[in-house]
Amino acid sequence: MEIKILNKIENPLMNRTEITAEISHVGATTPKRTEVRKLISAQLGAEENLTVIQKIEPTFGNKSKLQVTIYKDLKQLEKIEPKYILGREKGQKLKPGKKEEAKK
């Protein structure tokens, strides 16, 4: 799998970097969030626990478009990101507006 950075925006107000990228996955299914997080963190030299995959959008062919946010510190990440997005990063299936049943 190969990741190509399409757009990289520094957002000092939110203390994060917003990235739009494209991942090529020839002959394979759309990659899982954990795989993408490891690849993009390694490519950009960021910490995995500060990297959030906002969206993986499959496009026609063997490519997917990514929206990724890399935070500078964990406190800011927890303050800004919705809990259901953070749950996706951990493999939980929480939907917006639902009570947190996964903690039971």
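The values are calculated or read from the model by the stated rules, or taken from the named source; none is laboratory data. As the structure is a prediction and not an experimental result, all values here were calculated from the model. So basically every Cβ, Gly included, is an ideal-geometry build from the backbone, and we count neighbours across all protein chains shown.
Confirm whether Gln76 is surrounded by 12 or more Cβ atoms within 10 Å (Cβ to Cβ) and farther than 18 Å from Ile5 by Cβ. Considered against the rule, which asks whether it is surrounded by 12 or more Cβ atoms within 10 Å (Cβ to Cβ) and farther than 18 Å from Ile5 by Cβ, Gln76 comes out as yes. Confirm whether Lys4 is within 21 Å of Arg88 (Cα to Cα) and either free of Cβ contacts under 8 Å to residues at least 40 places away in the same chain or part of a strand (DSSP E or B) (or both). Here the answer is no, as Lys4 does not meet what is asked.
Of the residues making up region 13-34, those that are outside any strand (DSSP E or B) and surrounded by 13 or more Cβ atoms within 10 Å (Cβ to Cβ) are Met14, Asn15, His25, Thr30, Pro31, Arg33, Thr34. A Cβ distance below 6 Å, combined with a sequence gap of six or more or placement on separate chains, defines the contacts here; from region 55-76, residues that are under 14 Å from Thr34 (Cα atoms) reach residues that are crowded, with 16+ Cβ neighbours inside 10 Å and of a type in the set (Gly, Ala, Ser) in the pairs Ile56/Ser64; Leu66/Ala21.
Basic (Lys, Arg), over 21 Å from Leu13 (Cβ atoms), surrounded by 15 or more Cβ atoms within 10 Å (Cβ to Cβ) and at pLDDT 85 or above: is that true of Lys63 in this structure? Yes; evaluated as a whole, the condition is true for this residue.
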